[in-house]
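Undergrad: Below: one structure in C-alpha cells.
Just so it is clear, none of the values below were taken in a lab; they were calculated from the coordinates. What you see is a predicted model, and the numbers here were worked out from it, not measured in a lab. Quick reminder, even Gly has a Cβ in these numbers, built from the backbone with ideal geometry, and neighbours come from all protein chains shown.
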Amino acid sequence: MFFSYTVIHQNVQYTNDQLLLLRPKYTRERDCTPTDDIEIHAFLGLLIFVGVKRNGRLNAKDFFKTDGSPPEIFCLVMSKNRFYLLMRAFRFDDKRTRPERAAIDKLAPIRNIFDKMVSSFK
C-alpha cells in the first residue's frame, strides 16, 4: 500500500548498486548477494512492524534474540546478518548523482520516494 512496485524496483536497483560496492569487503560471495523485490518487501515489512509495535528504540540485535523475548517474525523472515546487510545497503536514490541533486535540493536522497509516497497518501 505504501510503496508502489516501481518504487520497490528502484530501491532494489539502488540497493544492489550499493551491495556491489560492499561485496569486496566480504570474504565469501554468498554473504553479499544481490536482493530482489520480494526481499525488499519483507525488509520494509519488518521495519514497519517495528514501528507498529513501537519498538523503534530497541537495538536491532534485540529483534533476533533466541531467548523468546522478541517476536518470532524476524527470525522467520530473514537472518540477522542479512537484515544488518540490508540496513547498511538500502538506498532510495542513485548515489552517483546525489551530489549534483543535493546542491539544489536538501531532500535529494529521498526526494523520489517522498514525492511518490505523498501522492499515494492523497
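Undergrad: Can you list the HN-Hα couplings for the stretch 93-105, worked out from phi with the Karplus curve (6.51, -1.76, 1.60; θ = phi - 60°), rounded to whole Hz and with x for Gly and Pro?
TA: 8, 7, 5, 5, 9, 5, x, 6, 6, 5, 5, 10, 9
Undergrad: Thinking of the chain as a set of Cα atoms, what percent of all their pairs are more than 23 Å apart? Can you show the working numbers first?
TA: Values: 2922 of 7381 pairs.
Cα-Cα pairs of the chain separated by over 23 Å account for 40 percent.
Undergrad: For every helix of n ≥ 4 consecutive DSSP H residues, a contribution of -39,500 (n - 2.57) applies; sum these over the chain, divide by its total residues, and give [θ] at 222 nm rounded to the nearest 500 deg cm²/dmol.
TA: Working: 6 runs with 65 residues, N = 122.
Taken over the chain, the calculation gives -16000 deg cm²/dmol.
Undergrad: Something else: Using θ = phi - 60° and the Karplus curve 6.51 cos²θ - 1.76 cosθ + 1.60, what whole-Hz ³J(HN,Hα) does each residue of the stretch 30-41 get, with Gly and Pro shown as x?
TA: Result, ordered by residue: 5, 6, 9, 7, x, 9, 9, 4, 5, 5, 5, 4 Hz.
Undergrad: Now for a separate question. After finding the eigenvalues of the alpha carbon gyration tensor for the stretch 1-65, what semi-axes result from the square roots of 5 times each, listed largest first in whole Å?
TA: Computed over the stretch 1-65, the values are 23, 19, 8 Å.
Undergrad: What ranking, highest mean first, results for peptides 12-22, 64-74, 111-121 when packing means the other Cβ atoms within 10 Å averaged over each residue?
TA: Per-residue Cβ counts within 10 Å, averaged per peptide and sorted highest first, yield 12-22, 111-121, 64-74.
Undergrad: Which pairs break 24 Å Cα to Cα here: LYS80/LYS122; LYS53/LYS106; LYS25/LYS61; LYS80/LYS116? Spell out each step's value before the answer.
TA: Details: LYS80/LYS122 35 Å; LYS53/LYS106 31 Å; LYS25/LYS61 21 Å; LYS80/LYS116 30 Å.
Among LYS80/LYS122; LYS53/LYS106; LYS25/LYS61; LYS80/LYS116, the Cα-Cα distance tops 24 Å for LYS80/LYS122; LYS53/LYS106; LYS80/LYS116.
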